[in-house]
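Student: Quick one: the structure is below, questions incoming.
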Amino acid sequence: MGRPRVLSGVQPTGALHLGNWLGAIRNWVDLQNDHDTFFCVVDLHAVTVPHDPQRLAHDTLTTAALYLACGLDPEKSTVFVQSQVAAHSELCWLLNCITPLNWLERMIQFKEKALKQGDNVSVGLLDYPVLMAADILLYDADLVPVGEDQKQHLELARDIAQQRINARFGSEETPVLKVPKPMILKEGARVMSLTDGRSKMSKSDPNEGSRITLLDPPELITKKIKKAKTDPERGLEFGNPDRPETDNLLGLYALLSGKGREAAAQECADMGWGQFKPLLAEATVAALEPIQQRYKAFMDDRSQLEAVLRNGRERASAVAEANVQRVRRSMGFLSPS
Ligand code: AQP
């Protein structure tokens, strides 16, 4: 048996932040040593909400550069741009035609995001989970790293593969698609907003002070942390449900300083905020400095980055094209002569 295959991606919907790094990309870097890893910049997903065409290509490139700067190694991982592999759109269409509408209407993320958009909500936003299913199923992924918010979408991908494709167009001995499993990630690195410890740090939060992006300069990091919401109590601790901001900031310190939760909790147990915040700012600046340096090198010499994406596209296309062909055949389409 080969190494289990893993697929994941981030949307180029704006500057990547600490949540994207600590909750996703940092884990991918570990996975690439003992898994067959495919990581894409999911730009087709990024246009399911209103987007700026002047920024999409730039954000796609910077997201890919950040993948590499955070430690994805193109020798070990296939790194590519989703829209450059046409099979994603094709499989999405095939899956659309066999996915019941009411499966999509009950998706929590759709309901939440649609609420914000009122009458302007696009068919693409409703269809987001089917495109995500296509992304995963195209590569015969064994495992998909998912946070709490994406579990429902992975369940849908499994149902589409099992109940709608394999049951109808395959057989038990020769399934058409591999049914992926969720990969539960180590220590819950769910990073919360700096301005509200109960909602997650997010690219689309209109308040820029709510997140630290991976490219924020040191002064801005210090300023955002200084303004971060706190509570009137002294001493930092984990697990107190009445102190979500404390839990979040101490968690960030534990991860970014590399000290771990126990040592961080001990160190900060009696600290006031005036002492803790500069410490957190210093740890954040130090953790991001090497990423920012590597990012600058990739953006200064685009040829290396472009070569990585070109190779990634070739490798990804070869796997994806073979799989979409298998689905086409199983559904009865006429093959080109
Ligand atoms: N705050 C977070 N804490 C931990 N993990 C997070 N992720 C995102 N935010 C946090 C993880 O990053 C990966 C990719 O995210 P995405 O860009 O595809 O979509 P998202 O989850 O919707 O991220 P954002 O920042 O909130 O984007 P917008 O605002 O554009 O919707 C996922 O693995 C996710 O779990």
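Student: Quick check: anything in segment 84-106 among the acidic types (Asp, Glu) and surrounded by 14 or more Cβ atoms within 10 Å (Cβ to Cβ)?
Tutor: yes
Student: Just for segment 119-133: of the residues that are under 13 Å from Trp93 (Cα atoms), open to solvent by less than 10 Å² (accessible area, probe 1.4 Å) and of a type in the set (A, V, I, L, M), which one is nearest to the chain's Cα centre (by Cα)?
Tutor: Across segment 119-133, the extreme among qualifying residues is Ala133.
Student: Further question: Test Ile136 against the stated conditions and say whether it is buried (at least 20 other Cβ atoms within 10 Å of the Cβ), part of a helix (DSSP H, G or I) and more than 16 Å from the ligand (Cβ to nearest atom).
Tutor: Taking the combined requirement at face value, the residue does not satisfy it.
Student: Considering only residues that are surrounded by fewer than 16 Cβ atoms within 10 Å (Cβ to Cβ) and part of a loop (DSSP other than H, G, I, E, B), which ones fall in segment 205-228?
Tutor: Pro206, Asn207, Pro217, listed by residue number.
Student: Please state which one of Thr195, Thr222 is over 21 Å from the mean Cα position of the chain (by Cα), under 23 Å from Lys116 (Cα atoms) and modelled with pLDDT of 95 or more.
Tutor: Of the residues listed, the single one that is over 21 Å from the mean Cα position of the chain (by Cα), under 23 Å from Lys116 (Cα atoms) and modelled with pLDDT of 95 or more is Thr195.
Student: Could I ask something else about it? Return the pair list, or none, for Cβ contacts closer than 8 Å from residues in segment 204-232 that are farther than 15 Å from Ala286 by Cα to residues that are open to solvent by 30 Å² or more (accessible area, probe 1.4 Å) and among the aromatic types (Phe, Trp, Tyr), at least 6 apart or on different chains.
Tutor: Thr230/Trp273
Student: Mind checking which residues of segment 109-133 are more than 17 Å from Ala161 (Cα to Cα), more than 12 Å from the ligand (Cβ to nearest atom), in a helix (DSSP H, G or I) and not aromatic (Phe, Trp, Tyr)?
Tutor: Lys111, Ala114, Leu115, Gln117, Gly118, Asp119, Asn120, Val123, Gly124, Leu126
Student: Hey, another quick one. Mind telling me which of the residues Asp59, Asp52 ends up being of a type in the set (D, E, K, R) and touching a residue at least 12 places away in the same chain (Cβ under 8 Å)?
Tutor: Exactly one residue qualifies, and that residue is Asp59.
Student: Here's a follow-up. Determine which member of the set Leu177, Leu131 is in contact with an Asp or Glu (Cβ under 9 Å, 6 or more places away or on another chain), among the aliphatic types (A, V, I, L, M), over 16 Å from Trp21 (Cβ atoms) and in contact (Cβ under 8 Å) with a residue 60 or more places away in the chain.
Tutor: The conditions single out Leu177.
Student: May I ask you to verify whether Lys181 is under 17 Å from the mean Cα position of the chain (by Cα) and basic (Lys, Arg)?
Tutor: yes
Student: Can you pull out the helices (runs of 4 or more DSSP H) entirely within segment 7-103 that have at least 2 residues that are under 28 Å from Ser199 (Cα atoms)?
Tutor: In segment 7-103, 26-31, 43-46, 53-69 are the helices (runs of 4 or more DSSP H) which contain 2 or more residues that are under 28 Å from Ser199 (Cα atoms).
Student: Pick out the one residue from Ser171, Ser202 that is within 12 Å of the ligand (Cβ to nearest atom) and in a loop (DSSP other than H, G, I, E, B).
Tutor: Going through Ser171, Ser202 in turn, just one is within 12 Å of the ligand (Cβ to nearest atom) and in a loop (DSSP other than H, G, I, E, B): Ser202.
Student: Which count do you get for residues in segment 151-178 that are crowded, with 17+ Cβ neighbours inside 10 Å and under 17 Å from the mean Cα position of the chain (by Cα)?
Tutor: Total satisfying the criteria: 3.
Student: Same structure again: For segment 276-286, indicate whether the set of residues that are within 20 Å of Ile25 (Cβ to Cβ), open to solvent by 20 Å² or more (accessible area, probe 1.4 Å) and touching a helix residue (DSSP H, G or I) at 6+ places or on another chain (Cβ under 7 Å) is non-empty.
Tutor: Yes.
Student: Within segment 239-246, identify whether any single residue is under 26 Å from the mean Cα position of the chain (by Cα), modelled with pLDDT of 95 or more and among the polar types (S, T, N, Q), and answer yes or no.
Tutor: Checked against the condition, which is being under 26 Å from the mean Cα position of the chain (by Cα), modelled with pLDDT of 95 or more and among the polar types (S, T, N, Q), segment 239-246 yields at least one hit.
Student: Step by step: first the residues of segment 139-168, then only those that are assigned to a helix (DSSP H, G or I), farther than 20 Å from Ala114 by Cβ and among the charged types (D, E, K, R), then the one that is farthest from the ligand (Cβ to nearest atom). Which residue is that?
Tutor: Applying the filter and picking the extreme gives Arg168.
Student: OK, next. Tell me, which residue of segment 287-337 that is acidic (Asp, Glu) and part of a helix (DSSP H, G or I) is surrounded by the fewest Cβ atoms within 10 Å (Cβ to Cβ)?
Tutor: Asp300
The values are calculated or read from the model by the stated rules, or taken from the named source; none is laboratory data. Predicted model only: the values in this text are computed from it and were never measured. Every residue, glycine as well, gets a Cβ built from its backbone with ideal geometry; the counts of neighbours run over all protein chains shown. Note: areas computed on protein heavy atoms with side chains; ligands, DNA, RNA excluded. Shrake-Rupley method; radii C 1.70, N 1.55, O 1.52, S 1.80 Å.
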